[in-house]
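Engineer: Below is the structure I would like to discuss, written out as structure tokens.
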Amino acid sequence: MSGDDRLLTVADLAQGQWGMFTSAQAADMGVSAQYLKRLADRFLVTRMRHGVYRVAGAPLDPCDPLRAQWLALEPARSAAERIAGADPVGVVSHRSAAHLRELGDMDADTYEFTVTKRRNTRSPDVRFHVEAVGRSDWTLVDGLPVTTPTKTIVDLAATRTDGGHLAGVVWDALRTQQVSREPLAEALREFAHLYGAPLGDGDALVEQLIAQASSAQLGSPVPTPDEIGRLQTAARQISSSPQVAAVQDFSASDQARDVQRVLRDPAFTEALRQLRRQGII
């Protein structure tokens, strides 16, 4: 095989893999490690990490380091083969999944993958979680298998991600309609007590996380239990006055329930936040 043929071979390998290929894939096509080194010395390929290269001229993307790590998990098989199989050998998960799906605002300097079997790595920036992830629990994002928004949130709750960061992820997932509130509340039931909500009350946990994220977005603190108690006492005193009789009649109407649904919608709160930023309200 001539030098030009070998260069075309690695270029073909890189197609469909974000302009990248592995040394194992190249060796399977008859391209030696020595030739790869010569290509790297001539800047025709760039070494992304041990055993993974990028063809010169391929478009750059912020996700490339994560993609290179994923390719290295099963270097002998192509990305297409792994995606088409029952097990893609590594699903992007936890903080890495949240980052790819643009949920929340967490550091993602560690590349997190969920794998079906325990495995070790020498890379300090790679973390594995062992679990059998079903096909319904991941979808493709930028060509990578990534846990679904609901699965990502559940994984973050299971690893005790702090409430502030988890609230940001939940808020963004609801605001962008990547998840629905009721299924998410059901999925989070077992973690409710870990975040101060009543045992098994996933809806209360979601409500708490929404309130926390909304307060953070609007720049106001979450009220303490004592403050909530004082507000409730004041509300009872006000409700006993005759002036609120008409309001109570309205509250029982279908129109009032429609208004309440709008007020609970995260998108409505986000719109208020944008108007406040613009100085309109």
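The values are calculated or read from the model by the stated rules, or taken from the named source; none is laboratory data. Model, not experiment: these values are computed from the prediction. Heads up, the Cβs are rebuilt from the backbone with ideal geometry, glycines too, and the neighbour counts pull from every protein chain shown.
Engineer: When you go through LEU174, LEU199 one by one, which is the residue that is part of a loop (DSSP other than H, G, I, E, B), at pLDDT 95 or above and of a type outside the set (Val, Ile, Thr)? Let's see the steps before the verdict.
Structural biologist: Numbers: LEU174 fails: part of a loop (DSSP other than H, G, I, E, B).
Going through LEU174, LEU199 in turn, just one is part of a loop (DSSP other than H, G, I, E, B), at pLDDT 95 or above and of a type outside the set (Val, Ile, Thr): LEU199.
Engineer: Are any residues in the range 93-116 within 19 Å of SER136 (Cα to Cα) and part of a loop (DSSP other than H, G, I, E, B), and if so, which ones?
Structural biologist: Hits for the range 93-116 are SER93, ARG101, THR116.
Engineer: Residue check: is VAL115 in contact with a strand residue (DSSP E or B) (Cβ under 7 Å, 6 or more places away or on another chain), surrounded by 15 or more Cβ atoms within 10 Å (Cβ to Cβ), more than 20 Å from LEU166 (Cβ to Cβ) and not aromatic (Phe, Trp, Tyr)?
Structural biologist: Values: in contact with a strand residue (DSSP E or B) (Cβ under 7 Å, 6 or more places away or on another chain): yes; surrounded by 15 or more Cβ atoms within 10 Å (Cβ to Cβ): yes; more than 20 Å from LEU166 (Cβ to Cβ): yes; not aromatic (Phe, Trp, Tyr): yes.
So VAL115 passes the test.
Conditions tested, residue by residue: (1) surrounded by 11 or more Cβ atoms within 10 Å (Cβ to Cβ); (2) part of a loop (DSSP other than H, G, I, E, B); (3) modelled with pLDDT of 95 or more; (4) under 20 Å from the mean Cα position of the chain (by Cα).
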{"residue": "PHE191", "(1), (2), (3), (4)": "yes, no, yes, yes"}
{"residue": "GLN212", "(1), (2), (3), (4)": "yes, no, no, yes"}
{"residue": "ALA216", "(1), (2), (3), (4)": "yes, no, no, yes"}
{"residue": "PRO221", "(1), (2), (3), (4)": "no, yes, no, no"}
{"residue": "ASP226", "(1), (2), (3), (4)": "no, no, no, no"}
{"residue": "GLY229", "(1), (2), (3), (4)": "yes, no, no, no"}
{"residue": "THR233", "(1), (2), (3), (4)": "no, no, no, no"}
{"residue": "ARG236", "(1), (2), (3), (4)": "no, no, no, no"}
{"residue": "VAL244", "(1), (2), (3), (4)": "yes, no, no, no"}
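Engineer: Would a scan of the range 44-58 turn up a residue that is touching a helix residue (DSSP H, G or I) at 6+ places or on another chain (Cβ under 8 Å), surrounded by 15 or more Cβ atoms within 10 Å (Cβ to Cβ) and assigned to a helix (DSSP H, G or I)?
Structural biologist: no
Engineer: With respect to VAL154, is the statement that it is among the β-branched types (Val, Ile, Thr), at pLDDT 95 or above and in a strand (DSSP E or B) true? Quick ask: steps written out before the conclusion?
Structural biologist: Working: among the β-branched types (Val, Ile, Thr): yes; at pLDDT 95 or above: yes; in a strand (DSSP E or B): no.
Taking the combined requirement at face value, the residue does not satisfy it.
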